[in-house]
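Report on the structure given below.
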Amino acid sequence: MLTIQEIEVSYGEAQTLHGVSLQVGKGEIVSVLGANGAGKSTLMNTISGLNKVKKGRIIFEGQAIEHRSFHERVRQGIIQVPEGRKLFPDMTVFENLEVGAYHREARKNFRANLKKVLDIFPVLEERKNQRAGTLSGGEQQMLAIGRGLVGIPKMLMLDEPSLGLSPLLVKNVFQVVEEIHRVGITILLVEQNVKLALKISSRGYILSQGRIVMEGKSPDLLDNEEVKKAYLGELT
């Protein structure tokens, strides 16, 4: 579904991604892992079209999209749930979900997709008239994911969905990710929680200082001594 070929990205004169390549197959959960400052969010924002590619290719469903706008990529089915949720705190839960139905097809099917989202997140039904800023951290994360889902994603990109949540809520979020995957949505997951991310994904990439330093099947990465030493003790 997604192929990234040797992309390079810079902020001003500082290069942040160095020849990054990865693939996401249709129906997969693929994790991109690493510590703070590794370049994970930069990578996600580049796939979404928020960052410009200095060099390299981004191919989605066989089409080169590196020069397409953010809006065009959303219409193609690339939907990002950003780090920190980025909700509209003074708008209601329902209004935040409406914002997610950005393109024409999503607006046309909003009611049907809304029902699917509320079936996954029944708490949002209970809170639909409540301002988003008054929700708990876990409820806000559910709302952010729900907003992404009403956009009819072919590939849902989750940027640090466990950030700032208690251990119990983190487990709940990962269960939701698995449930979304079971209904056929491809997922690209960026996480610091290496252990949990690898448990639910089929493959993983380790990003460090803007470079892919390791990749492989998730069980192999979980058993890798270098990964255990560098990440599993420190980040889980």
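Numerical summary
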| read-out | value |
| --- | --- |
| Global form of segment 100-184, assessed from the alpha-carbon gyration tensor, a/c cut-off 1.5 | oblate |
| Burial ranking of peptide ranges 44-54, 9-19 (average Cβ count within 10 Å, highest at the top) | 44-54, 9-19 |
| Length released on extending from Gln23 to Asp119, taking residue separation times 0.36 nm less the Cα-Cα span | 31.5 nm |
| Over 27 Å between alpha carbons, listed pairs Lys40/Lys195; Lys54/Lys199; Lys26/Lys171; Lys40/Lys128 | Lys54/Lys199; Lys40/Lys128 |
| Accessible-area value, Val194, 1.4 Å probe, nucleic acids and ligands omitted, Å² | 0 Å² |
| Förster radius 22 Å - calculated FRET efficiency between Lys86 and Lys199, Cβ distance, rounded to 0.05 | 0.25 |
| Solvent-accessible area per residue for the chain (1.4 angstrom probe, square angstrom) | 48 Å² |
| Fraction of antiparallel bridges per DSSP, the chain only, in percent to nearest 5 | 55 percent |
| For segment 60-193, share of DSSP beta bridges that run antiparallel, in % to the nearest 5 | 20 percent |
| Angle between the chain longest axis and helix 110-120 axis [Cα atoms, degrees, rounded to 10] | 70 degrees |
| For segment 194-233: rounded, prolate or oblate by the Cα gyration tensor [a/c cutoff 1.5] | oblate |
| Full-stretch length increase - Ala112, Lys217 - with 0.36 nm per residue and alpha-carbon distance subtracted | 34.2 nm |
| C-alpha center-to-center spacing [segment 170-215, segment 128-156] in angstrom | 19 Å |
| Sequence ranges 217-226, 80-89, ranked by mean other-Cβ count within 10 angstrom, highest first | 80-89, 217-226 |
| Table column - 3J(HN,Hα) (Hz), segment 40-53, Karplus curve with 6.51, -1.76, 1.60, x for Gly and Pro | 5, 5, 4, 4, 4, 5, 6, 4, 6, x, 7, 10, 7, 8 |
| Projected label distance in nm at Thr3 and Arg68, using a 7 Å step from Cα toward the beta-carbon | 1.6 nm |
| Counted charge near Ile4, where neighbours are those whose Cβ lies closer than 15 Å (Asp, Glu -1; Lys, Arg +1) | +3 |
| Cα-projected label distance for Val99 with Leu168, points at 7 Å along beta-carbon direction, nm | 2.9 nm |
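The values are calculated or read from the model by the stated rules, or taken from the named source; none is laboratory data. Computed from a prediction, not measured in an experiment: that's the story for all the values here. For neighbour counting, all protein chains shown are included, and Cβ atoms are generated from backbone atoms with ideal geometry for every residue, glycine included. Side chains are part of the model used for accessible areas, which takes the heavy atoms of the whole protein and leaves out ligands, DNA and RNA. Shrake-Rupley method; radii C 1.70, N 1.55, O 1.52, S 1.80 Å.
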